[in-house]
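Have a look at the structure below, then the notes.
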Amino acid sequence: MKKLSFKENIIKFGLLTALIFLSISLNSCEDTFGTDPYVKKVPIDPIDTTKPDKQIFAKELLWRFKEIARANQITEWPNSITYINNSLKLDTSNGRVFIWLDLEMKANFFRQSGVDDKVENADRVEYLKIKIDSVEIIPNQSFSLNSIADGRYSRIELFNHQVNKKYSFEGSDLITRMRINYFPEEKKLTGNFVFDFQLIDYIHTVQFLGSFSAFY
C-alpha cells in the first residue's frame with residue numbers, strides 16, 4: 001500500500017470532517033413538519049389576525065321626537081318616555097363605518113284638556129321600535145327602515161283615544177327614511193328619521209319625526 005503524503009492526509013481529514021458535519025446537519029433537520037419538540041416554528045405572517053374588529057358602544061344616546069298633525073301643528077312627543085332598549089354601536093375597523101342601533105320605547109301621556117281633545121290630536125304615537133343591524137353609513141345619504149333582510153326594521157303604534165282604537169304599522173306599511181352622519185373628530189354621530197302617514201287618511205298624524213345625538 002502506497003503511503004499517503006502529508007498533503008494528502010490533510011485533504012482526507014478535511015473531507016471526513018465535512019462529511020461528519022453534513023451528517024449531523026441532516027439529522028437535526030429531519031423533522032420538517034414540526035413534530036420534533038426542538039424544532040422552532042417561525043410564522044410566515046407575523047400579523048395577528050385573531051383580534052376582533054374594533055367595535056365601539058355609544059356612551060350617551062340622546063333622542064328628540066315630534067309629531068306633526070294635519071293642521072300643521074307640531075307637538076313635542078311625549079310628556080315622558082320609557083326606554084325599553086336604547087343602544088348604538090359602530091365599527092370602523094375596515095375604514096368604513098357600520099352601525100347597530102336598537103331603539104324601543106313607549107310614551108307615557110298625561111293628556112291636557114283643550115289640547116288633546118282636538119280632532120288633529122285624536123291619535124298619538126305611543127310605541128316605537130327601530131332596529132338597525134350592521135348598516136354602512138354613507139354621508140348625506142338616507143335609507144329606508146322597511147327591509148328586514150337588509151337589517152333595517154321599524155314598527156310604530158298609534159292610539160286614538162276618541163274611538164279607543166290602536167293602529168300598528170311596520171316595515172313597508174309606511175314611508176320611512178333615516179339618515180345618519182359620522183363625525184370622528186368629535187367622536188359623535190347624529191341622525192334623524194321620519195315616519196310618513198300622509199297616504200293613510202284615517203290617521204290624523206301626518207308625520208312622526210325623531211333626531212338623535214350619540215357620543216362615544
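What follows draws every value from the coordinates through simple rules; no lab data is involved. Everything quoted here is computed from the prediction, not taken from an experiment. Neighbour counts are summed over all protein chains in view; Cβ atoms, including those assigned to glycine, are modelled from backbone coordinates with ideal geometry.
Mind listing the phi-derived Karplus ³J(HN,Hα) values for segment 201-216, rounded to whole Hz, using 6.51, -1.76 and 1.60 with θ = phi - 60°, and x for any glycine or proline?
After applying 6.51 cos²θ - 1.76 cosθ + 1.60, I find 6, 8, 9, 7, 6, 8, 9, 10, 10, x, 9, 9, 10, 10, 10, 9 Hz.
Could you give the dipole magnitude of segment 55-215 about its Cα centre, charging the beta-carbon of Lys and Arg +1 and that of Asp and Glu -1, in debye to the nearest 20?
With Lys and Arg at +1 and Asp and Glu at -1, about 180 debye.
Of 90, 164, 148, which is farthest on the positive side of the dipole of segment 55-215, counting Cα position, with +1 on Lys and Arg Cβ, -1 on Asp and Glu Cβ, and the Cα centre as origin?
90
In whole Hz and in residue order, list the ³J(HN,Hα) couplings for segment 91-98 that follow from phi through the Karplus curve 6.51 cos²θ - 1.76 cosθ + 1.60, θ = phi - 60°; x for Gly and Pro.
10, 10, 5, 9, x, 10, 10, 10
Given 59/106; 66/129; 106/129, which pairs have Cα atoms separated by over 18 Å?
Violating the 18 Å Cα-Cα cut-off are 59/106.
Please give the length that would be gained between residue 164 and residue 190 if that part of the chain were fully extended, namely 0.36 nm times their separation in residues minus their C-alpha to C-alpha distance (nm, one decimal).
Length difference between fully extended and current span is 5.8 nm.
Expressed as a rounded percentage, what relative contact order does segment 55-215 have, with Cα pairs under 8 Å and six or more residues apart?
24 percent
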